[in-house]
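Below: the structure, in structure tokens.
The values are calculated or read from the model by the stated rules, or taken from the named source; none is laboratory data. From a predicted model like this one, the values you see are computed outputs, not experimental measurements. Note: ideal-geometry Cβ built from the backbone for every residue, glycine included; neighbour counts use all protein chains shown. These accessible areas exclude ligands, DNA and RNA; they are computed on the full protein's heavy atoms, side chains included. Shrake-Rupley method; radii C 1.70, N 1.55, O 1.52, S 1.80 Å.
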There are 2 protein chains.
Amino acid sequence: MLDALFKALSDPTRREILGMLRQGDLTAGEIAEHFNISKPSLSHHLNVLKQADLVLDERKGQYINYSLNTSVFQDVLAWFVNIVNNKDRGDNVEK
Amino acid sequence: MLDALFKALSDPTRREILGMLRQGDLTAGEIAEHFNISKPSLSHHLNVLKQADLVLDERKGQYINYSLNTSVFQDVLAWFVNIVNNKDRGDNVEK
DNA sequence: TAGATATTTTGAAAAACATCTAAATATATT
DNA sequence: AATATATTTAGATGTTTTTCAAAATATCTA
């Protein structure tokens, strides 16, 4: 779960896709135009993001619209805050 | 940079190492004892974490002590907050 | 229904990754 | 100096990931 999530985020192309989707939904084709990789490759990346629940897809006629699923980011944020705050089991030492 | 960072986080063993280090510094050997993988493998994981600046290592005699480098988490947190808040270009700040 | 467009699936090849054993390096102890 | 302990580096192997071209699927339009 965090596994698929971080794996999905570990690729720069995929992170850029997420950045693009912040500004608004896009079709697979529109996303593909911004990159120098084939459509099948793009499709693969979108699928990885989908498996990680980072994006949602919805068919709109011929097109498929992709959008950000921000709710999942909460989980990752929680993980990070935990690491940084050092407050997992309330038993930590000072200094 | 975010690249190495997320790649480092995308492995469950490595995330568990980070969790262990929250409670305090540990030597490579102490970390290795908690896992069912060989010491060379562990060493490899520690190196990946080091390349990503997620941990620091300091030789202490025969031992090498590993510790969390929390400062790097700031960068990732910033990235996440940006994605979630939809605020990329320094404009629009209120709230 | 035939043809055009949008997207995904399949199958294959190359690159990256995780893991192991064996060997090397560094330090400590006798 | 010889031996023991802690850790890393090298080299090999199996697995996963990225990528592409070709084929398949879905929808739209004429």
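A few notes on this one:
- Protection proxy ranking, peptides B:46-55, B:18-27, average beta carbon neighbours within 10 Å, highest first: B:46-55, B:18-27
- A versus B: buried accessible surface, summed, Å² (probe 1.4 Å, to nearest 100): 2500
- Built amide H within the under 5 Å cut-off of residue B:27, gap 5+: B:66
- Taking all protein chains into account, the per residue accessible area for the protein assembly as shown stands at 58 Å² (1.4 Å probe).
- The convex hull around the C-alpha trace of chain B, projected and averaged over every direction, spans 7.4 square nanometres.
- Mean residue ellipticity at 222 nm, helices only, chain A: -16500 deg cm²/dmol; runs of at least 4 DSSP H residues each add -39,500 (n - 2.57), and the sum is divided by the number of residues.
- Charge dipole of the protein assembly as shown about the Cα centre (unit charges at C-beta), most positive-ward option of B:20, B:51, B:36: B:36
- Using Cβ point charges alone (K and R +1, D and E -1), the dipole size of segment B:2-85 about the Cα centre works out to roughly 80 debye.
- Close Lys-Lys pairs in chain B, where close means Cα under 30 Å and separation is 8 or more or interchain: 8
- Full extension of the chain between residue A:50 and residue A:81 gives 8.7 nm of extra length, using 0.36 nm per residue less the Cα-Cα distance.
- Coupling constants for segment B:60-73 follow from the phi torsions by the Karplus curve (6.51 cos²θ - 1.76 cosθ + 1.60, θ = phi - 60°), and in residue order they are 10, x, 5, 8, 10, 8, 10, 9, 6, 10, 5, 4, 5, 4 Hz; glycine and proline get x.
- Computed about its Cα centre, the charge dipole of the protein assembly as shown is approximately 120 debye, with only Lys, Arg, Asp and Glu carrying charge at their Cβ.
- Delta accessible area of at least 30 Å² on complex formation, residues of segment A:1-41, 1.4 Å probe, chain isolated as reference: A:3, A:6, A:9, A:10, A:15, A:22, A:23
- Apportionment of accessible area to carbon and sulfur, segment B:2-85, percent (1.4 Å): 46
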